[in-house]
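Asker: Shown below is the structure under consideration.
The values are calculated or read from the model by the stated rules, or taken from the named source; none is laboratory data. Worth saying up front: this structure is predicted, and the values here are computed from it rather than measured. Cβ placement follows ideal geometry from the backbone for every residue including glycine, while neighbour counts extend to all protein chains displayed.
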Amino acid sequence: MISNNRHDNHGFTLIELMVVIIILGILATYIGARIMGTPEEAKQVKAKVDIAALETALKMYKLDNGVYPSTEQGLQALVETPETGTVPTKWREGGYLEKSKVPRDPWGNDFVYLSPGLNGDFDIISYGADGVPGGEGQNKDINNWEIE
């Protein structure tokens, strides 16, 4: 006996597909507006992350050499053995930063480094979008002593 079972394999209807496409479009618009509406906030967060990474590298430098690089030696001491000031005797081969170069802030400016700092052993500052001290909003300075 041959059974002739037929399974009706219906796919999605055109209306169901349209509803899904409309829902995805609404979600994409909402999420896209949220993400694209805050690029300056994202840059500020990136600056804070970069400053935290520089702080960690500076602490490793001090563990190896007993002192932080001077203001004159700057953050470049994390990627190249300093030749001025207190020359480190145990400088780590390959440096203290992963990419072997000092990052710039998200606006393309150099981070300001002071050692000894006015607010601790060292200060690391990004002057924000305008690149000058002070400011509000996107021009606000980002300082290592204010990062939690």
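Asker: Just checking, how many residues over the stretch 108-118 are surrounded by 14 or more Cβ atoms within 10 Å (Cβ to Cβ) and touching a Phe, Trp or Tyr at 6+ places or on another chain (Cβ under 8 Å)?
Answerer: First, pick out the residues of the stretch 108-118 that are surrounded by 14 or more Cβ atoms within 10 Å (Cβ to Cβ): 109-115, 117.
Okay, now just the ones that are also touching a Phe, Trp or Tyr at 6+ places or on another chain (Cβ under 8 Å), so 109, 112-115, 117.
So the count comes out to 6.
Asker: Still on this structure: When the residues of the stretch 96-107 are filtered to those that are buried (at least 16 other Cβ atoms within 10 Å of the Cβ) and over 14 Å from Y68 (Cα atoms), which remaining residue is modelled with the lowest pLDDT? So that I can check it myself, show each step before the final result.
Answerer: The first filter runs over the stretch 96-107 and keeps only residues buried (at least 16 other Cβ atoms within 10 Å of the Cβ), leaving 96-97, 102-103, 105-107.
Going one step further and asking which of them are over 14 Å from Y68 (Cα atoms), we end up with 97, 102-103, 105-107.
Details: L97: 90, V102: 95, P103: 94, D105: 95, P106: 93, W107: 94.
My answer is L97.
Asker: Follow-up question, since we're still on this one. Please work out which residue is farthest from A53 (Cα to Cα), limiting yourself to the stretch 119-148 and to residues that are at pLDDT 90 or above and hydrophobic (A, V, I, L, M, F, W, C).
Answerer: So, considering only residues that are at pLDDT 90 or above and hydrophobic (A, V, I, L, M, F, W, C), the one farthest from A53 (Cα to Cα) is V132.
Asker: If I filter the stretch 48-69 for residues that are in a loop (DSSP other than H, G, I, E, B), of a type in the set (D, E, K, R) and in contact (Cβ under 8 Å) with a residue 40 or more places away in the chain, do I get at least one hit? Don't jump to the end; show me each part of the working.
Answerer: Keep residues of the stretch 48-69 that are in a loop (DSSP other than H, G, I, E, B), which gives 66-69.
Next, only the ones that are of a type in the set (D, E, K, R) stay: none.
No, there is no match, as no residue in the stretch 48-69 is in a loop (DSSP other than H, G, I, E, B), of a type in the set (D, E, K, R) and in contact (Cβ under 8 Å) with a residue 40 or more places away in the chain.
Asker: Right, something else. Scan the stretch 123-148 for residues that are in contact with a helix residue (DSSP H, G or I) (Cβ under 6 Å, 6 or more places away or on another chain) and closer than 20 Å to T71 by Cα and jot them down. Lay out the reasoning, then the answer.
Answerer: Let us first name the residues in the stretch 123-148 that are in contact with a helix residue (DSSP H, G or I) (Cβ under 6 Å, 6 or more places away or on another chain), namely 124, 126, 128-130, 138, 142, 144, 147.
Within the stretch 123-148, I124, S126, I142, N144 meet the criteria.
Asker: Among the listed residues G128, G108, G134, identify the single one that is in contact with a Lys or Arg (Cβ under 9 Å, 6 or more places away or on another chain), over 14 Å from L58 (Cα atoms) and free of Cβ contacts under 8 Å to residues at least 24 places away in the same chain. Full working, then the answer.
Answerer: Details: G128 fails: free of Cβ contacts under 8 Å to residues at least 24 places away in the same chain; G108 fails: in contact with a Lys or Arg (Cβ under 9 Å, 6 or more places away or on another chain).
It is G134.
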